[in-house]
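Here the structure is laid out as structure tokens; the discussion comes afterwards.
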Amino acid sequence: MKVHILGKIFIFIFLGFISILLWVNLRSPDDKRLDFCNSLKPLNQIEVKDYDNNGIKSRQGTFTTKVSFGDRRELKVVIFPKALSRNIWSKVSQSSIQYIGNGGDNNLQEWLSPDYFYLLEVPPQATALAFGRLCNRNGDVEVESIKKLEKISPTKIIINDKIYLSVSSPLPTIKPYTVIVNTGSNRLDTLGTQTEVYFTKENLKFE
């Protein structure tokens, strides 16, 4: 009788162990991303010893791109670094960031689940920006310069002939080095707070 009860207990424990293993392995990419994003320290306060020459500690998924402006100026952009050297990178002031509206591509899916867009005034003499990855959406921030802005109604605008936005307040002045940043379809990924933004004035060199 005791053997029978012990057998049931063993089977119960074994099944529980298997269930935990399956849960860990089948977690969605969003859940795993939250593990990266739940750090209490800002990116330039995470202590690491092996920054590269650009003051960046990369991790799986870190990548770089460029934003071009009309005067041939190029701004390097780093997405999803693990840590940034405080000697090279500084946090962008929240006063330089402004929510502009929601929308995206001109299709039904984007209007049913619109992305949220922000204007970011690039700090003077900045040579590069760095963005933490979105925590509440499967993807990364998207950033580009504003080459064209067209107002098609009191509450709707088109940027660069492809980004259709609903706006609820008067548009701010678009300065020459203002970029538009897409933080995805979850408002929790607020730019500057939840999704951190940094800049540097150093002459970074990327391969």
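The values are calculated or read from the model by the stated rules, or taken from the named source; none is laboratory data. As the structure is a prediction and not an experimental result, all values here were calculated from the model. Please note: Cβ atoms are built from the backbone with ideal geometry, for glycine as well, and neighbour counts cover all protein chains shown. Heavy atoms of the whole protein, side chains included, go into the accessibility calculation; ligands, DNA and RNA do not. Shrake-Rupley method; radii C 1.70, N 1.55, O 1.52, S 1.80 Å.
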* Just wondering, is there one or more residues in the range 77-88 that are modelled with pLDDT of 95 or more, touching a Gly at 6+ places or on another chain (Cβ under 6 Å), hydrophobic (A, V, I, L, M, F, W, C) and assigned to a loop (DSSP other than H, G, I, E, B)? -> yes
* Residues of the range 37-78 being hydrophobic (A, V, I, L, M, F, W, C) and either touching a strand residue (DSSP E or B) at 6+ places or on another chain (Cβ under 8 Å) or farther than 27 Å from N138 by Cβ (or both), which ones? -> L43, I46, V48, I56, F63, V67, F69, L75, V77, V78
* Of all residues making up the range 156-173, the number that are over 22 Å from the mean Cα position of the chain (by Cα), open to solvent by 30 Å² or more (accessible area, probe 1.4 Å) and at negative phi -> 7
* Structure fact -> Here the residues within the range 191-204 that are under 12 Å from L119 (Cα atoms) and part of a loop (DSSP other than H, G, I, E, B) are G192
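For the range 47-63, which residues satisfy the criterion of being buried (at least 16 other Cβ atoms within 10 Å of the Cβ), aliphatic (A, V, I, L, M) and in a loop (DSSP other than H, G, I, E, B)? It would help to see each step written out before you state the result.
Restricting attention to the range 47-63, the residues satisfying the condition of being buried (at least 16 other Cβ atoms within 10 Å of the Cβ) are 51, 54-58, 62.
Adding the requirement that they be aliphatic (A, V, I, L, M) leaves 56.
If the condition is that a residue be buried (at least 16 other Cβ atoms within 10 Å of the Cβ), aliphatic (A, V, I, L, M) and in a loop (DSSP other than H, G, I, E, B), then no residue fits.
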* Would you check which residues across the range 90-113 are touching a strand residue (DSSP E or B) at 6+ places or on another chain (Cβ under 9 Å), more than 16 Å from F199 (Cβ to Cβ), open to solvent by 60 Å² or more (accessible area, probe 1.4 Å) and part of a helix (DSSP H, G or I) and list them? => W111
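Look through K66, K82 and report the one residue that is within 15 Å of the chain's Cα centre (by Cα) and open to solvent by 30 Å² or more (accessible area, probe 1.4 Å). Before you say what the answer is, go through the steps one by one.
Numbers: K66 fails: within 15 Å of the chain's Cα centre (by Cα).
Among K66, K82, only K82 is within 15 Å of the chain's Cα centre (by Cα) and open to solvent by 30 Å² or more (accessible area, probe 1.4 Å).
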* If you check every pair at least six apart or on different chains, which have Cβ atoms under 6 Å apart with a residue in the range 74-87 that is of a type in the set (G, A, S) first and a residue that is part of a strand (DSSP E or B) second? -> A83/K57
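Hey, any hits in the range 137-155 for a residue that's part of a strand (DSSP E or B), more than 18 Å from T178 (Cα to Cα), open to solvent by 20 Å² or more (accessible area, probe 1.4 Å) and polar (S, T, N, Q)? Reasoning before the result, please.
Going through the range 137-155, the residues part of a strand (DSSP E or B) turn out to be 142-145, 149-153.
Still in the list and also more than 18 Å from T178 (Cα to Cα): 152-153.
Applying the additional criterion that residues be open to solvent by 20 Å² or more (accessible area, probe 1.4 Å) yields 152-153.
Now drop any that are not polar (S, T, N, Q), which leaves 153.
Within the range 137-155 (the criterion being part of a strand (DSSP E or B), more than 18 Å from T178 (Cα to Cα), open to solvent by 20 Å² or more (accessible area, probe 1.4 Å) and polar (S, T, N, Q)), the answer is yes, since at least one residue qualifies.
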* Asked: Of the conditions (1) surrounded by fewer than 19 Cβ atoms within 10 Å (Cβ to Cβ); (2) of a type in the set (V, I, T); (3) touching a residue at least 24 places away in the same chain (Cβ under 8 Å), V181 fails just one. Which one is it?
  -> (1)
* Of all residues making up the range 120-136, the number that are more than 25 Å from N53 (Cα to Cα), at pLDDT 95 or above and either assigned to a loop (DSSP other than H, G, I, E, B) or in contact with a Lys or Arg (Cβ under 9 Å, 6 or more places away or on another chain) (or both) -> 1
